[in-house]
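Structure record follows, encoded as structure tokens.
The values are calculated or read from the model by the stated rules, or taken from the named source; none is laboratory data. Fair warning: this is a prediction, and the values are worked out from it, not measured in the lab. All Cβ positions, even for glycine, are placed from backbone atoms using ideal geometry, and neighbour counts span all protein chains on display.
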Amino acid sequence: MTTQRTPTPKAIIFDLLTALLDSWTIWDASTPTGTSLEGRKWRKQYLEVTFGSTNYGPGSAYEELVARSAADSGLPSSAPEALFRNWKDLEAWPGVGRVLRELREKGYLLGVVTNCSKELGHAAVRSAERTAEEAGEGKWEFDAAITAEETGWYKPAMQAYHGILPLLGEDVRPEDVLFVAGSAGDVVGATKAGFRVVWNNRVGLERKGDALPLREGNSLDEALLDFL
């Protein structure tokens, strides 16, 4: 779905765990049954809990919210424990590495904003970077990446999105950014933060609120078609 063409952004910032990485598979694998029947319910509850929070801190740290959403979904404590053990198995959606390299070649600054702890967030960022390395030659890194723990805010708070801007350079303003959302909450939050938004709706999540992305697709290529 496409609307009007927009000016070329200076930076493209990604949601990490849904727009770039297939975190849904390890959520499923970490449940007692190892199926999407339990995993999808837990994952959706996790999105509700994290996007319903504001400040990051004691009682609302990422690992605590993951465990709380598991309990809210009727899962035992072994489920979040298994998820954290499985974290190293996070993999990118098909084509992500190639797209990241293509965007870099076009001169965009590339970054990540994620509702995650510092330790798990940057481990997941590295998973995405390795995918880009495997799609080409040589080391590949994002220009900037920041977690909820580092900003002190969870998305959809504006501060969570704007926290990455100083890391990209003093001349990068909200209107210079294209945000690649992975969830409906990101479409709303990033729009309110002043970013232009496209949505890689890989798993077919329902829309929320009145904010509409410039484009919605079920792959990174489709969501970013106007910028590749």
Of the residues that sit in region 161-219 and are of a type in the set (Asp, Glu) and under 19 Å from Arg40 (Cα atoms), which one is modelled with the lowest pLDDT? Glu206
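Each row is one residue, and each column tells you yes or no for (1) within 29 Å of Pro32 (Cα to Cα); (2) touching a Pro at 6+ places or on another chain (Cβ under 9 Å).
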| site | (1), (2) |
| --- | --- |
| Glu81 | yes, no |
| Tyr108 | no, yes |
| Tyr154 | yes, no |
| Ile164 | no, no |
| Thr191 | no, yes |
Checked against (1) out of contact with any helix residue (DSSP H, G or I) (no Cβ under 6 Å at 6 or more places or on another chain); (2) more than 24 Å from Ala193 (Cβ to Cβ), Ala132 satisfies every condition except (1)
Reported set for region 194-218 where residues are in contact with a strand residue (DSSP E or B) (Cβ under 7 Å, 6 or more places away or on another chain) and of a type in the set (S, T, N, Q) is Asn200, Asn201
Hits in region 99-146 - residues which are within 14 Å of the chain's Cα centre (by Cα) and assigned to a loop (DSSP other than H, G, I, E, B): Asn115, Cys116, Ser117, Phe142
Search region 34-61 for residues that are assigned by TED's automatic domain parsing to the domain that holds Thr151 and pair each with any residue that is surrounded by 14 or more Cβ atoms within 10 Å (Cβ to Cβ) and modelled with pLDDT under 95 when their beta-carbon atoms are under 6 Å apart and the residues are at least 6 apart or on different chains. none
Among Val99, Val177, which is the only one that is of a type in the set (Val, Ile, Thr) and in contact with a strand residue (DSSP E or B) (Cβ under 7 Å, 6 or more places away or on another chain)? Val177
Tally time: how many residues in region 149-181 are under 23 Å from Val49 (Cβ atoms) and either in a helix (DSSP H, G or I) or out of contact with any helix residue (DSSP H, G or I) (no Cβ under 9 Å at 6 or more places or on another chain) (or both)? 8
May I ask you to list pairs of residues, at least six apart or on different chains, whose Cβ atoms are under 6 Å apart, with the first in region 77-97 being over 19 Å from Leu228 (Cα atoms) and the second being of a type in the set (Ser, Thr, Tyr)? Ala79/Ser30; Ala79/Thr31; Ala82/Ser30; Leu83/Ser30; Asn86/Ser30; Leu90/Ser127
Here the residues within region 187-228 that are of a type in the set (D, E, K, R), touching a residue at least 24 places away in the same chain (Cβ under 8 Å) and farther than 18 Å from Leu103 by Cβ are Lys192, Lys208, Glu216
Do you know which residues across region 183-214 are surrounded by 19 or more Cβ atoms within 10 Å (Cβ to Cβ), touching a helix residue (DSSP H, G or I) at 6+ places or on another chain (Cβ under 6 Å) and not hydrophobic (A, V, I, L, M, F, W, C)? Ser183, Gly185, Asn200, Pro213
Select, from Glu134, Glu150, Glu141, the only residue that is surrounded by fewer than 21 Cβ atoms within 10 Å (Cβ to Cβ) and under 20 Å from Leu47 (Cα atoms). Glu150
